[in-house]
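Asks: This is the structure I want to talk about, given as structure tokens.
The values are calculated or read from the model by the stated rules, or taken from the named source; none is laboratory data. All values derive from a computational prediction rather than experimental measurement. All Cβ positions, even for glycine, are placed from backbone atoms using ideal geometry, and neighbour counts span all protein chains on display. The protein model used for the area step is the full one, side chains on, heavy atoms only, and it has no ligands, DNA or RNA in it. Shrake-Rupley method; radii C 1.70, N 1.55, O 1.52, S 1.80 Å.
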Amino acid sequence: MRWDHRLSASRRGIVKSMGLAAAMAVLPKWFLEETFDAGAAEVPRSANDKPNCALIGCGGRGRADAHEASPFGNIVAVCDVDERHARGASGEFGGASPYADFRKLMERDDIHVIINGTPDHWHTFVNLHALKAGKDVYSEKPLTLTIDEGKRLVETVKSTGRILQVGSQQRSDPSFRLACELVRNGRIGKLQEVTVILPAGLWGGPFPPQPVPQGLNWDMWLGQAPMVDFVPQRCHTSFRYWWDYSGGTMTDWGAHHNDIALWGMGMDHSGPVTIDGKPSVDMVPGGYTAASEYHIEYTYANGVRHHCISTADDSGFGSILKQGPGTYHNGVRFDGKEGWIWVTRGQLQASKPDILHEPLGSNAVRLYASNDHKANFFQCVRTRKPPVAPAEVGHRSVSVCHLGVLSMRLGRKLNWDPDNQQFVNDPEADKWLAREQRKPWTYDSI
């Protein structure tokens, strides 16, 4: 198949593809002009110019990803262990072929791209299968369930030469890019602290077992995770609040905002050296198992301190939570010796107007410019250039989240070696870099 490289490039198209109508309210004029000059998203002119794509994991987020990808690729197959989801997605995407087992779908040579919208504990297995089958991958975040998974995935991307984009779409939001560029160029002086504010998670239970719904393959949904009785709160929309499958809001929203924290610090290929995490509430026995409220402190080799807190426990950060015209429930604040920058979706503020409105010089550090996350992925599928959120970046960002969760679960401060990606003289903590996998969903099955 030949994919056309011609562009649709009008100012109206740029505004639509980037969502700049909203961005104009918060971005300075000089940066908006640069952003317009970057051009519009690439849109192939016909179906014959598009790669064929398959959606695996047909819940709400997966379907949204597929809709966002549809201008750039043909959605020809869908897969889910819940036949209702697969059947619904098939109808939604023009009769795309439905599958119950993603391995069968991977055998098709006419499928070039996998869109992975599965629950978190399935991301790595689907991604590894796809990469080894010669497919390029758009994977939802968080990229992995464990740090060991991330190391394996990064190596597989390198060895196969495939393109993998992590769904950390804030890297394609001009507001986040500008905030990080300003911090990296010393606009707030020497960086001292970064504060990441995340939503609190769910707290509740206990939940009694219920019959498995007809059409749901519960055994396969569990995959590598331990076999347990079905309860609705474990499945689909609330799976992230269970340690078996995720890490709560710490690995959900945390994979977004801690990613921006690392980007702004210039640490997105490294990580902290100490981690001290504490849950703020006790979870209910028999209920959700991922900490719903918490406060985590990271330090980096350069002395920067990184606070990660849930909004339900402001822990003295109330002035940040109420910075500006409203109460912010999540976002990232960078504090330097000469000022601060706050950024979240649809909001960009600074302690002084000049921090934002004075243009960066010609020799300034500039970051990877992507204004449309899906368009960037499909452009990289065609050009074979690295995407804005590659596997290494997604792995390092979620590793920060995993480290915070492990510190909370172990109940103590941890020392981390970001170069070797292991704990310092701590065999007990090292055991948690991977998890026991329930057969047959082990690495030797891939």
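Asks: Select from the stretch 262-308 the residues that are free of Cβ contacts under 8 Å to residues at least 24 places away in the same chain and charged (D, E, K, R) and write down the one among them that is nearest to Cys235 (Cα to Cα).
Replies: Asp282
Asks: Identify the single condition in (1) within 21 Å of the chain's Cα centre (by Cα); (2) open to solvent by 10 Å² or more (accessible area, probe 1.4 Å) that Leu55 does not satisfy, given that it satisfies every other one.
Replies: The single condition Leu55 does not satisfy is (2).
Asks: Follow-up question, since we're still on this one. Which condition number in (1) open to solvent by less than 20 Å² (accessible area, probe 1.4 Å); (2) over 15 Å from Val137 (Cα atoms) is the one that Glu92 fails?
Replies: (1)
Asks: So which pairs qualify, if the first residue must be in the stretch 88-99 and closer than 11 Å to Ala77 by Cβ, the second must be assigned to a helix (DSSP H, G or I) and open to solvent by 40 Å² or more (accessible area, probe 1.4 Å), the Cβ gap must be under 8 Å, and the two must be at least 6 apart or on different chains?
Replies: The qualifying pairs are Ala89/Arg63; Pro98/Glu83; Pro98/Arg87.
Asks: From the list Ala312, Ala291, which one is at pLDDT 95 or above and either surrounded by 20 or more Cβ atoms within 10 Å (Cβ to Cβ) or touching a Ser or Thr at 6+ places or on another chain (Cβ under 8 Å) (or both)?
Replies: Numbers: Ala312 fails: at pLDDT 95 or above.
Selected residue: Ala291, the only one of Ala312, Ala291 that is at pLDDT 95 or above and either surrounded by 20 or more Cβ atoms within 10 Å (Cβ to Cβ) or touching a Ser or Thr at 6+ places or on another chain (Cβ under 8 Å) (or both).
Asks: Still on this structure: Yes or no: Pro226 assigned to a loop (DSSP other than H, G, I, E, B) and surrounded by fewer than 16 Cβ atoms within 10 Å (Cβ to Cβ)?
Replies: When the stated conditions are applied, Pro226 passes them.
Asks: When residues of the stretch 272-295 are filtered for being touching a His at 6+ places or on another chain (Cβ under 7 Å) and not in a loop (DSSP other than H, G, I, E, B), how many remain?
Replies: Counting residues in the stretch 272-295 that are touching a His at 6+ places or on another chain (Cβ under 7 Å) and not in a loop (DSSP other than H, G, I, E, B) gives 1.
Asks: I'm trying to understand the selection: among the residues of the stretch 229-271, which are open to solvent by 20 Å² or more (accessible area, probe 1.4 Å), in contact with a strand residue (DSSP E or B) (Cβ under 9 Å, 6 or more places away or on another chain), part of a helix (DSSP H, G or I) and modelled with pLDDT of 95 or more?
Replies: Correct list: Trp253, Met265.
Asks: I need the helices (runs of 4 or more DSSP H) fully contained in the stretch 57-154, keeping only those with at least 2 residues that are closer than 30 Å to Trp432 by Cβ.
Replies: The qualifying helices (runs of 4 or more DSSP H) are 60-69, 102-106, 123-132.
Asks: So, of the residues in the stretch 208-223 that are surrounded by fewer than 18 Cβ atoms within 10 Å (Cβ to Cβ) and hydrophobic (A, V, I, L, M, F, W, C), which turns out to be farthest from Gly57 (Cα to Cα)?
Replies: That would be Val212.
Asks: Scan the stretch 102-127 and report the pairs whose first residue is at negative phi and whose second residue is in a helix (DSSP H, G or I) and among the basic types (Lys, Arg), with Cβ atoms within less than 7 Å and a gap of 6+ or a chain change.
Replies: As it stands, the answer is Gly117/Arg61; Asp120/Arg240, since those pairs meet every condition given.
Asks: Also, I was wondering about something else. Check Arg396, Arg409 and return the single one that is charged (D, E, K, R), crowded, with 21+ Cβ neighbours inside 10 Å and more than 18 Å from Leu128 (Cβ to Cβ).
Replies: Criteria check complete, one pass: Arg396.
Asks: Please go through the stretch 339-365 and pick out each residue that is small (Gly, Ala, Ser) and within 13 Å of Cys180 (Cα to Cα). Explain how you work it out, then say what you get.
Replies: Here is the first cut: in the stretch 339-365, the residues small (Gly, Ala, Ser) are 339, 346, 350-351, 361-362, 364.
Within the stretch 339-365, Ala350, Ala364 meet the criteria.
Asks: Select from the stretch 128-162 the residues that are free of Cβ contacts under 8 Å to residues at least 24 places away in the same chain and either closer than 26 Å to Lys431 by Cβ or buried (at least 24 other Cβ atoms within 10 Å of the Cβ) (or both) and list them in ascending order.
Replies: Glu155, the sole residue that qualifies.
Asks: Checking the conditions here, which among Ala375, Ala389 is under 16 Å from the mean Cα position of the chain (by Cα), closer than 30 Å to Glu107 by Cβ and either in contact (Cβ under 8 Å) with a residue 24 or more places away in the chain or open to solvent by less than 40 Å² (accessible area, probe 1.4 Å) (or both)?
Replies: One residue alone meets the criteria, Ala389.
Asks: Give, as residue ranges, the helices (runs of 4 or more DSSP H) completely inside the stretch 325-425 that count at least 1 residues that are in contact with a helix residue (DSSP H, G or I) (Cβ under 8 Å, 6 or more places away or on another chain) and at positive phi.
Replies: none
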